[in-house]
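The values are calculated or read from the model by the stated rules, or taken from the named source; none is laboratory data. Computed from a prediction, not measured in an experiment: that's the story for all the values here. Every residue, glycine as well, gets a Cβ built from its backbone with ideal geometry; the counts of neighbours run over all protein chains shown.
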């Protein structure tokens, strides 16, 4: 398993994305997002996604250099069409425009339709929190066969449908909750399959509806299903992500015709926290709650109580210093995709070694 410096991994990812036709700014934005996901420990949303992006590009389902189009501007509601554009670029631009409108009006809801895979949703929560905004997002995953069974069901009916909430904190450290509504993201099942390790208990069922820890059937043969987190509660939130994040805003839902790509639709609410009266005072109150929670005595088997976002920051510090691990199967898949695009050994070597 290679360990790669973040800067070298970024250069490699950017090279591949540029080879698909993305201009400089877009190639940077997508590559930077992917490597930051790896740094945070979310390898499911990192550079391991590149083979899927290349495959979608070859099918015309990942379209470089799209312009985010404003479909409707109703003041505190902005509706955008991404038309299968590079998702990280589309979602970041939609969030930027939503932040600007929230700063003007106090709040803004942004609806993003028909984007290619937008990656780790927490990135957009962090983007908003860095500007003093609170951020809540409902996202669906469509355009391919469903992966997640709903509570009480024995076959998949939904995507992994992420939910995210973020608020700013003292010292520029936001509180970010970012999660799939499945017990694990599909990408984490892919990573486990590539490493040859089982997934945690209560994450998967086989094609007969029985519990399993083996990710290979669902990843390689689409047999079985991921389970929702928290039984009926996670299932209910996943359904609301499908409805709010796609059906309500005119995005592609899981029941519509599928082209075997990845489409994300998102409904996000952005609020200027200073409008509640004194940004510094609000941040102190937030930090007071955080401090109260962290002061709890750890339960048996735990060293401390962690808040949402803390594991990611610690992992980023470690991987930033030690390098990002990439399993052999994922590395081989990325290399194969690079060569399919026509990249030569010298280009790849220069990206990885300078």
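Restricting attention to the stretch 194-214, which residues are touching a residue at least 40 places away in the same chain (Cβ under 8 Å) and closer than 25 Å to residue 316 by Cβ?
Selection gives 194, 195.
For the stretch 213-221, indicate whether the set of residues that are closer than 24 Å to residue 264 by Cα and under 16 Å from the mean Cα position of the chain (by Cα) is non-empty.
No, because not a single residue in the stretch 213-221 is closer than 24 Å to residue 264 by Cα and under 16 Å from the mean Cα position of the chain (by Cα).
Tell me the strands (runs of 3 or more DSSP E) entirely within the stretch 116-170 that contain at least 2 residues that are within 21 Å of residue 290 (Cα to Cα) and in contact with a helix residue (DSSP H, G or I) (Cβ under 9 Å, 6 or more places away or on another chain).
133-142, 163-167
Can you pull out the residues in the stretch 75-115 that are touching a residue at least 60 places away in the same chain (Cβ under 8 Å) and assigned to a strand (DSSP E or B)?
79, 107, 108, 109, 110, 111, 112, 113, 114, 115
Could you list, in sequence order, all residues of the stretch 2-16 that are modelled with pLDDT of 95 or more, in contact with a helix residue (DSSP H, G or I) (Cβ under 8 Å, 6 or more places away or on another chain) and either surrounded by fewer than 17 Cβ atoms within 10 Å (Cβ to Cβ) or part of a helix (DSSP H, G or I) (or both)?
Once the filter is applied, which keeps residues that are modelled with pLDDT of 95 or more, in contact with a helix residue (DSSP H, G or I) (Cβ under 8 Å, 6 or more places away or on another chain) and either surrounded by fewer than 17 Cβ atoms within 10 Å (Cβ to Cβ) or part of a helix (DSSP H, G or I) (or both), the stretch 2-16 yields 6, 8, 9, 10, 11, 12, 13, 14, 15, 16.
Which of the residues that make up the stretch 226-254 are outside any helix (DSSP H, G or I) and in contact (Cβ under 8 Å) with a residue 12 or more places away in the chain?
Selection gives 226, 227, 228, 229, 231, 248, 249, 250, 251, 252, 253, 254.
So which pairs qualify, if the first residue must be in the stretch 46-68 and within 20 Å of residue 8 (Cα to Cα), the second must be outside any helix (DSSP H, G or I) and modelled with pLDDT of 95 or more, the Cβ gap must be under 6 Å, and the two must be at least 6 apart or on different chains?
Listed pairs, sorted by first residue: 53/62.
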